1. It is to be established whether one or more residues within segment 623-643 are modelled with pLDDT of 90 or more and buried (at least 18 other Cβ atoms within 10 Å of the Cβ).
2. Kindly indicate whether Ile446 is within 15 Å of the ligand (Cβ to nearest atom), over 25 Å from Asp301 (Cα atoms) and within 22 Å of the chain's Cα centre (by Cα).
3. Taking into account only those residues within segment 123-147 that are more than 30 Å from Pro104 (Cβ to Cβ) and touching a Ser or Thr at 6+ places or on another chain (Cβ under 7 Å), which is surrounded by the most Cβ atoms within 10 Å (Cβ to Cβ)?
4. Please enumerate the residues belonging to segment 293-339 that are at positive phi and not basic (Lys, Arg).
5. If a residue must be out of contact with any His (no Cβ under 8 Å at 6 or more places or on another chain) and either polar (S, T, N, Q) or part of a loop (DSSP other than H, G, I, E, B) (or both), how many such residues does segment 115-164 contain?
6. Looking at segment 238-345, what helices (runs of 4 or more DSSP H) fall wholly within it and have at least 3 residues that are closer than 30 Å to Pro410 by Cβ, of a type outside the set (Val, Ile, Thr) and at pLDDT 95 or above?
7. If the requirement is being of a type in the set (Asp, Glu), closer than 17 Å to Val220 by Cβ and either modelled with pLDDT of 95 or more or in contact with a Cys (Cβ under 6 Å, 6 or more places away or on another chain) (or both), which of these qualifies: Asp94, Asp106?
8. Quick check: is even one residue across segment 612-620 assigned to a loop (DSSP other than H, G, I, E, B), more than 23 Å from Val536 (Cβ to Cβ), out of contact with any helix residue (DSSP H, G or I) (no Cβ under 8 Å at 6 or more places or on another chain) and not acidic (Asp, Glu)?
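The values are calculated or read from the model by the stated rules, or taken from the named source; none is laboratory data. All values derive from a computational prediction rather than experimental measurement. Positions of Cβ are backbone-derived with ideal geometry, glycine not excepted, and every protein chain shown enters the neighbour counts.
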Amino acid sequence: MSNEALSNLLTENRTFPPSEDFAANANEKGDAYERAHADREAFWAEQAERLHWDTKWSQVLDWSGAPVAKWFVGGKLNVAYNCVDRHVESGHGDQVAIHWIGEPGDTRDLTYAQLKDEVCRAANALISLGVSAGDRVAIQLQMVPEAIVAMLACARIGAPHSVVFGGFSPTALRQRVDDAAAKVVITSDGQYRRGKATPTKANVDEALAGAESVEKVIVVRRTGDPETPMTEGRDVWWHDLVDEQSAEHTPEAFDAEHPLFILYTSGTTGKPKGILHTSGGYLVQVAYTHQVVFDHKPGVDVYWCTADIGWVTGHSYIVYGPLANRVTQVVYEGTPNTPHEGRHWEIIQKYKVSIYYTAPTLIRTFMKWGDDIPARYDLSSLRVLGSVGEPINPEAWIWYREHIGRGEIPVVDTWWQTETGAIMISPLPGVTATKPGSAQKPLPGISAIIVDDTGKEVPRGGGGYLVLDKPWPGMLRGIWGDEQRYRETYWARFADQGYYFAGDGAKYDGDGDIWLLGRVDDVMNVSGHRISTTEVESALVSHATVAEAAVVGATDPTTGQGIVAFVILRGNAADGGEQAVQDLRNHVVKEIGPIAKPRQIMIVPELPKTRSGKIMRRLLRDIAEKRQIGDVTTLADSSVMDLITQGLQSRK
Ligand code: WTA
């Protein structure tokens, strides 16, 4: 746990209640907590009424097969119909669903009527390739409208999608394609990044060479690269395939528990976990939370979530929740400083964005770029700000409210995970007096507590592990193809109590509000991206020169944590100069992707281990964070730390 977070918690006592006006007009009022508390299932049944069900459920929750829940048992619905067609049928076909902005400045607006046609065409296209309900479709696309259309087309025909973030390497893509045995892969010819068009298709080809499950690859033309390699018989251009399809497609109703998507995330071991989400409960919770946490008013607000669809935030708060709520939203393809550092503020000004949802790492980057940049733009349209992905330090929270929120609008710090599917702990902007740095309370209908080692709830002021003690509609239904791992990872730690172990440390303050303190396991959080230390270690030891590697997440002022690796080279390897370090960094990029590139690699003669052979990362973190080295008494050989530090000194 970070000391900084702890000391903030002890000193932070500012609170910011909502304005009277906001509170009076808010979508959710304070009584929701009591209603939900009185009868949780009745509360969620009430929330489920916001969707269109072809067949109504007969039971709200079946927890008899715990830890695998069934929500809205017997209910049938089509997720894409709920996100698109329904709004056209209720007379909102002309409302803009997506204001898309390409990095180079090209734009495209899609109304709900247009989105419906596109989704139907794409659904028909997938069917024409032989994709049917239950088949998996992998999608590796940057933030283009086709990415959202492809996800909805999969949902429409009941084919679970597995979206793979664009920053993952061919090796990582292949691992995910194989694990889910994807039948079709959807990708693009290339992407714009920092003002430059970069080809990507050759990488995808490299990833898919010999991939047995893959029958077809659909390629979206984005950069128009004339050199794009296309494999005869396997590859087809999106525009050739999709444009000629009929815009008529009758959505089929699927069971509430039909798989909607698989999304891979890092765990404590090297192999990523395919988190499985299903349809009914997930859609209910993402729609409810999007409506109340952001106070979203359809047809009035302009919403912008800056996440990438490669992460769960993009799934739940760009695609499913917002579209189920008939959002008008901005989708921006590029980086926040292309072509200049005011790009986000310029977009907010132009489209009159009223709800903005981003990550602390970006907020800290904006702070670094300077207050004068947002000050040049008219941000008066904003009325709610959100944060997600990692603990937000009070300083960044205050800056966000002052410089982006005019010092007067609510900031909601939302805690949740890929596994939870939807927001779990967050203020309600019209109810809660917010506190900088705290996610505060579980939402209505959600229960989360902080427990000690033995699973007993800690008192106010106490700290321990965050657990979810009651099932929730959007919860994961398992790890794809590995039920055992599902049980072990999340349910074994507090098996006696039947609690879900989130992997986060947390503390209650004197008011009983929750403060998240970071991961307690070997998962790092770098710019809001989850990367496991073991994953990076496995990548490093797969290099011919490496004998052993230990990786830690060191506190970083901008990215939250930075990856620092300690590497022992093999006896016959060269001495580990600059070039060796560079080779190793590139190797990690090749194995996992640029997001896992170590900030620093230190070549060392030994690693600190306990007598049972466990690496003491705590001591390595002390070195990485340039602190006095802590207690070494449990080391098998206490002189190891001297050896390591002397070695590092002599290399300087
Ligand atoms: C961290 C992202 C503190 C946490 C939605 C969690 C946070 C992990 C917050 C999940 C927050 C996310 N405050 N920590 N508001 N939001 N986290 O799966 O450690 O990419 O376990 O889901 O991010 O990351 P994931």
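1. Looking through segment 623-643, at least one residue is modelled with pLDDT of 90 or more and buried (at least 18 other Cβ atoms within 10 Å of the Cβ).
2. So Ile446 fits the description; yes.
3. So in segment 123-147, the residues more than 30 Å from Pro104 (Cβ to Cβ) come out as 124, 127-136.
Filter once more, keeping what is touching a Ser or Thr at 6+ places or on another chain (Cβ under 7 Å): 124, 136.
Details: Asn124: 20, Arg136: 24.
The qualifying residue surrounded by the most Cβ atoms within 10 Å (Cβ to Cβ) is Arg136.
4. Of everything in segment 293-339, those that are at positive phi and not basic (Lys, Arg) turn out to be Asp295, Gly299.
5. Looking only at that region, the number is 16.
6. Ranges flagged: 280-293, 321-324.
7. Result: Asp106 is the single residue among Asp94, Asp106 that is of a type in the set (Asp, Glu), closer than 17 Å to Val220 by Cβ and either modelled with pLDDT of 95 or more or in contact with a Cys (Cβ under 6 Å, 6 or more places away or on another chain) (or both).
8. no
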